[in-house]
Structure formats: structure tokens, C-alpha cells
1. Here is a check on your reading of the model: is VAL12 in contact with a helix residue (DSSP H, G or I) (Cβ under 6 Å, 6 or more places away or on another chain) and under 16 Å from ILE64 (Cβ atoms)?
2. The conditions are (1) over 18 Å from ILE78 (Cα atoms); (2) under 15 Å from the mean Cα position of the chain (by Cα), and ILE42 fails exactly one of them. Which is it?
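Computed from the coordinates by the stated procedures, all read-outs in this text should not be read as laboratory data. No experiment lies behind these values; they were computed from the predicted model shown. Cβ placement follows ideal geometry from the backbone for every residue including glycine, while neighbour counts extend to all protein chains displayed.
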Amino acid sequence: MSQIPISALTQVADYFKVLSELSRLQVLCVLKDGAKNVTEIIEETNLGQANVSKHLKILTQAGIVKRQPQGVSVYYQITIKSPTP
């Protein structure tokens with residue numbers, strides 16, 4: 001069996017740290033049906049604005065969510081596709 005480099009394991013651990021937060025999972029559940037702006041995410045999760053913004057920033061930095069400015073709003077959507085059977 002080949003050794004997995006520590007750097008790869010570190011990336012996997014960091015990815016799972018991002019997904020280990022309940023509020024971030026709530027945000028992702030809201031986004032599974034399509035792009036939403038912060039207000040829509042707040043309404044569906046009942047989380048505060050600062051909390052949602054913080055988690056969206058973390059999810060964006062991890063590459064799980066992307067931002068799409070549209071006029072005066074910014075919409076967020078999941079960037080990772082689930083595997084197809």
C-alpha cells in the first residue's frame with residue numbers, strides 16, 4: 001500500500017473541518033436547490049447576518065461555494081458537484 005503524503009492528508013482534514021460546523025451545513029442545505037443571496041439564506045436558516053456572512057466566507061475560501069454578484073446583491077451557490085452513479 002502506498003503512503004499518502006502528509007500534505008494531502010492535511011488538505012483532507014482541513015476540508016472536513018470546514019464541513020464539521022452545523023451552521024455551515026445548514027447554509028449548504030439551503031444552497032443545494034440553487035443560488036441564493038444572504039437575505040434568502042438568513043430567512044431559511046434563521047441564523048444571524050454576521051453568522052451567515054462568516055460561514056459563507058469560509059465556504060468560499062474552501063472552494064465549496066462561489067459568489068456571483070448580480071446588481072446590488074451577491075448570490076452564492078455550491079461549486080462542488082456530487083458524484084453521479
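1. Values: in contact with a helix residue (DSSP H, G or I) (Cβ under 6 Å, 6 or more places away or on another chain): no; under 16 Å from ILE64 (Cβ atoms): yes.
Criteria not met by VAL12.
2. (1)
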